[in-house]
1. Counting only the heavy atoms of the protein chains, how much of Thr184 is accessible to a 1.4 Å probe, in Å² to the nearest 10?
2. Kindly write out, for region 247-261 in residue order, the coupling ³J(HN,Hα) from the Karplus curve 6.51 cos²θ - 1.76 cosθ + 1.60 (θ = phi - 60°), rounded to whole Hz, with x marking Gly and Pro.
3. In nm, to one decimal, how far is the modelled label at Leu486 from the one at Ser153, with both set 7 Å along Cα→Cβ?
4. So if each residue of separation counts as 0.36 nm, and I subtract the Cα-Cα distance between Asn448 and Lys124, what length gain in nm does that give?
5. What part of the accessible area of region 416-522, given as a whole %, is carbon or sulfur when the probe is 1.4 angstrom?
6. Tell me, what is the FRET efficiency for Asn388 and Leu503 to the nearest 0.05, using R0 = 56 angstrom and their Cβ-Cβ distance as r?
7. Could you give the length gained by full extension between Leu514 and His82, i.e. 0.36 nm per residue of separation minus their alpha carbon distance, to one decimal place?
8. Which sequence of Lys516, Lys328 reflects their accessible areas, 1.4 Å probe, from the largest down?
Amino acid sequence: MSSTQCIPELTVENFGPIQRANIRLHPLTLFVGPSNTGKSYLSILIYAFHCYFGSLMSRYILKSEREFFNIVRSILPNGTDHLRDSLTSIGKQLRDLERDNPKETVEVIIPEPLAGVLREVFQKASCVGLHEEISRCFGLDIQSLHRHNASYSLNVILRISQDENFSPLEHHFTLDGTKSTSWTHLPEGMPLSLYREHSDVLPSHLSWLYSPRLEFEEFMDYDGVDISIGRIELIQFIAEYLAFGMFGPFARSSHYLPADRTGVMHAHKAVVSTVLKRASMAGASQSQNIHSLSGVLADFLEELMTSDTMESYISYSRRPSGILNICKNIEEQMLNGSISTDYSDILKYPQFSFQPDGWENSLPLKNASSMVSELAPILLCLRNHVNNGDVLIVEEPESHLHPSMQVQLMRELAAIVNAGVRVIVTTHSEWMLEELANLTRMGALPSNERDTIDGGSSALSPEKVGAWLFQPGEHPNGSTVSQIDLDESGLYPSGFDDVAIALHNNWARISNKLEKSNGSTH
């Protein structure tokens, strides 16, 4: 199974306000429910896994040959001589794959004993430092994430399916009191595969890969062991290539747009300058408490600071056309204007502005409408940072939007999913959930029958969508999470109807009393 087909499963127990949740992460995943039930907690945890596994290659696999060799040497004390045949076989397959199938998705099975070595490499590398990444993203000590009054340990299990014939990979994290442990389980005998889709081109520095004889002739002495540079390079490259399949979509970049993104965007200069100033005073005033930003907020600020820079303009031409078309639609159909970023020569902070259609001059973003300010971070993130296969997490995208714009934004989010981006949304919006139901139902129609329906171009296949309802438990129990599917009426049963019914019943009681009161006065 390729990573694009992978639907990871996440189980948490006694995490934040959540007593238990077992969810599957579809290309579009919605978290619905009352406040303080754990929607943001689960979203940030998912983001932490993305940050962790997305950087795992750079921290453990994409090291220098010497550093990577030390990992391999701990597994193979005598070097890689006995892997020669396996390495030659896989090298030839990769060369032929690039030459004969440059654009096709082709699977290459990694032969034993090389596959066994790579399994051990990943088991050694995986889950080292996961504790720290979770703490960073939340901006909290890890003990603070244990559900209050819970009598059992905090448990997190992430399962990533590789092959329907084998058990999934499992990444575990447990917190019991003050002791945390984490480990990775790879199913026994699970075949390891390379997919052509995971790499656009083979790295040019592996020039020996293209030699007719494919031999590994250059040797170096690493800590008393003669080792072929070519063999280590190839094992290292295969590990990098393999990681995209091993960790599924979690090997891709992720982008988190917090619920308070508008306020942060307006105040980003003050926030950043204050943090830097306080950090520089730390040595002179040790008694002063310096509060660090959560990783989610710090990462969001970093992406803001690099919006529309020269680097992003250079990469703009390489960005997926589907995503750029969605950005254009948001500006034309929702904003009725354009968002731009300016950098002064003196101040390197970005200045965000909005130019309404037909205006000669632009407005500072802080003076634009709340809807424009709310959509601007989403637009800038898409335009500058999001690529196919990435994950976009948006908290409460409906904030400050008229119901009609909430519906339109749901269509744009669906279009983003269809363009190849995975999306996770937390929401309190009945309008967005009802539009999602319409888009999902339209996905069952033939494409030519959707054209006459509003939003038909954003229809979603039902298997791409997963909606999850967070429900508070009675004290001292935490909240529980359950999947909600379309009911007989074609809607997601979210509990929003209960609010509407209660309002109507109250309206009826008031009307009845008013009628009686007016009758008694005549």
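The values are calculated or read from the model by the stated rules, or taken from the named source; none is laboratory data. All values reported here derive from a predicted model rather than from experimental measurement. Note: ideal-geometry Cβ built from the backbone for every residue, glycine included; neighbour counts use all protein chains shown. Just the protein is used for accessible areas: all its heavy atoms, side chains included, with ligands, DNA and RNA removed. Shrake-Rupley method; radii C 1.70, N 1.55, O 1.52, S 1.80 Å.
1. About 20 Å², ignoring ligands and nucleic acids.
2. Once θ is set to phi - 60°, the couplings for region 247-261 become 9, x, x, 6, 7, 8, 5, 10, 9, 10, 10, x, 4, 9, 4 Hz.
3. According to this spin-label approximation, the distance is 4.3 nm.
4. On the way: separation 324, 0.36 × 324 = 116.64 nm, distance 5.14 nm.
Using 0.36 nm per residue and subtracting the Cα-Cα distance, I get 111.5 nm.
5. Numbers: 3230 of 6380 Å².
On region 416-522, the fraction of accessible area on carbon and sulfur atoms equals 51 percent.
6. On the way: r = 43 Å, r/R0 = 0.77.
Once the sixth-power term is evaluated, E becomes 0.85.
7. Details: separation 432, 0.36 × 432 = 155.52 nm, distance 9.05 nm.
Here the segment from Leu514 to His82 would lengthen by 146.5 nm.
8. Values: Lys516 135, Lys328 115 Å².
Largest accessible area first, the list is Lys516, Lys328.
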